[in-house]
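Taking it in order: structure first as structure tokens, then the write-up.
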Amino acid sequence: MNDDRRSPFRDAGTDRSTAEHVPDTPQTRAPAYRLAFDDEDFLLRDELRPVRLQLELLKPQLILEERGITSTIVLFGGARIPEPEKKDKARTRTLAELSHFYEVAREFSRLMTAKSLASYGREYVICTGGGPGVMEAGNRGAADVGGASIGLNIVLPHEQAPNEYVTPDLCFNFHYFAIRKMHFLMRARAICIFPGGFGTMDEMFESLTLIQTGRMERVPFLLFGRAFWEKIINWEALADAGTISDEDLDLFRYVETAEDAVHVIENWAPDPCRGDLPGR
């Protein structure tokens, strides 16, 4: 963290240290005496939720700013997709067949991170959910070429440790899904969706909705694996039903390879937020 303080006032860390060495009395042992910012029981109260939301937004923001990271390439995809060498242990035949997307994600991250290194790792930094499967492949590809990558983990009842390829000082942990999603998209210069399940589709549709409704500028929105996505989602049926417009089908593109995705990103013309909603 940045220790270059400009304030003439005594800093919080010094006071916390001083408070740890006060005489042991009934008064100093009482919860009321604890410094508010150093009192975990107080910070975990239901009434402090707005403060915790703010802290979860602010902590990664400050760290990423201190690292000089200005833009990211976001990878969403299934945690259950194995690397090809382990596809024989996949739970289903389909997961085994999807294992090649692990290598596609890894190669894509290698290529994008090599470009990121040209900006000293400040732009187009790979950002994943920090877990296994496609997420691991994304962080692994960045590590393959000596680059940094971000992992935005979240506490789940069955949560495993972050994958070993996330850059340690860019490995974050969240309590609130909503704040985590904001950090996925705040710096996104491309959104890459690999085959996945509920979590992947939740992230995909929320991102698409922000772009569709003009709440977010258009960025390359890439669906890896046309056959998978057209089997899972009947996009044309939504347009035919009128629940989305035909123009909404242009908000995303299908790609099959890492090279396809890099080509789209490299040739993307800036596209501002929508001013109106087609079909409304």
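All of the numbers you see were taken from the coordinates with simple rules; none came from a lab. Note that the coordinates shown come from a computational prediction; the quantities given were computed from them, not determined experimentally. Quick reminder, even Gly has a Cβ in these numbers, built from the backbone with ideal geometry, and neighbours come from all protein chains shown.
A few comments on the model shown:
- The helix-based estimate of mean residue ellipticity at 222 nm for the chain, built from -39,500 (n - 2.57) per DSSP H run of four or more residues and divided by its residue count, is -12000 deg cm²/dmol to the nearest 500.
- Cα gyration tensor shape of the stretch 154-202, rounded if a/c is under 1.5, else prolate or oblate by comparing a/b with b/c: rounded
- The ratio of the alpha-carbon radius of gyration of the stretch 170-266 to the globular-protein estimate 2.2 N^0.38 Å is 1.12.
- Cleavage-rule hits, chymotrypsin sites (Phe, Trp or Tyr not before Pro), the stretch 102-149, DSSP coil, Cβ neighbours within 10 Å at most 14: Tyr120
- Relative to the current alpha-carbon distance between Arg6 and Asp240, full extension at 0.36 nm per residue lengthens the span by 78.2 nm.
- Summarising the amide proton neighbourhood of Ser149: residues at separation of 5 or more, or on other chains, whose placed amide H is nearer than 5 Å comprise Thr167.
- Note, ³J(HN,Hα) from phi for the stretch 45-58, Karplus 6.51, -1.76, 1.60, rounded to Hz, x at Gly and Pro: 5, 4, 5, 8, 4, x, 5, 5, 4, 5, 5, 5, 6, 7
- Straight-line cross-link partners of Lys87 among the lysines, defined as a Cα under 25 Å from its Cα and at least 8 positions apart when in the same chain: Lys231.
- Kirkwood radius and radius of gyration were both taken over the C-alpha atoms of the stretch 107-190, and their ratio Rg/Rh is 0.96.
- When each of the peptides 172-184, 11-23, 243-255 is scored by how many other beta carbons lie within 10 Å of its residues on average, the order from highest to lowest is 172-184, 243-255, 11-23.
- Local electrostatic count at Tyr165 - Lys and Arg +1, Asp and Glu -1, tallied over other residues with Cβ under 10 Å: -1
- Peptides 145-155, 55-65 ranked from most to least packed, by the mean per-residue count of other Cβ atoms within 10 Å: 145-155, 55-65.
- Loop GluC sites (Glu not before Pro), the stretch 91-135 (other Cβ atoms within 10 Å of the site Cβ: 15 or fewer; DSSP): none
- When the square roots of the Cα gyration tensor eigenvalues are ordered a ≥ b ≥ c, the ratio a/c for the stretch 56-266 is under 1.5, which makes its shape rounded.
- Nearby lysines by direct alpha-carbon distance to Lys181 (threshold 23 angstrom, same-chain neighbours under 8 apart not counted): Lys59
- Cα gyration tensor category, rounded, prolate or oblate, for the stretch 219-278 with a/c compared to 1.5: oblate
- A simple count of charges around Asp260, restricted to other residues whose Cβ falls under 13 Å of its Cβ and scoring Lys, Arg +1 and Asp, Glu -1, yields -2.
- From phi via Karplus (6.51, -1.76, 1.60), per-residue ³J(HN,Hα) for the stretch 132-149 in Hz, x at Gly/Pro: x, x, 4, 4, 4, 4, x, 5, 5, x, 5, 5, 4, 10, x, x, 8, 8
- Chymotrypsin sites (Phe, Trp or Tyr not before Pro) restricted to DSSP loop in the stretch 1-58 with at most 14 other C-beta within 10 Å: Phe9
- If the segment from Ala30 to Val155 were pulled out straight at 0.36 nm per residue, it would be longer than the present Cα-Cα gap by 41.9 nm.
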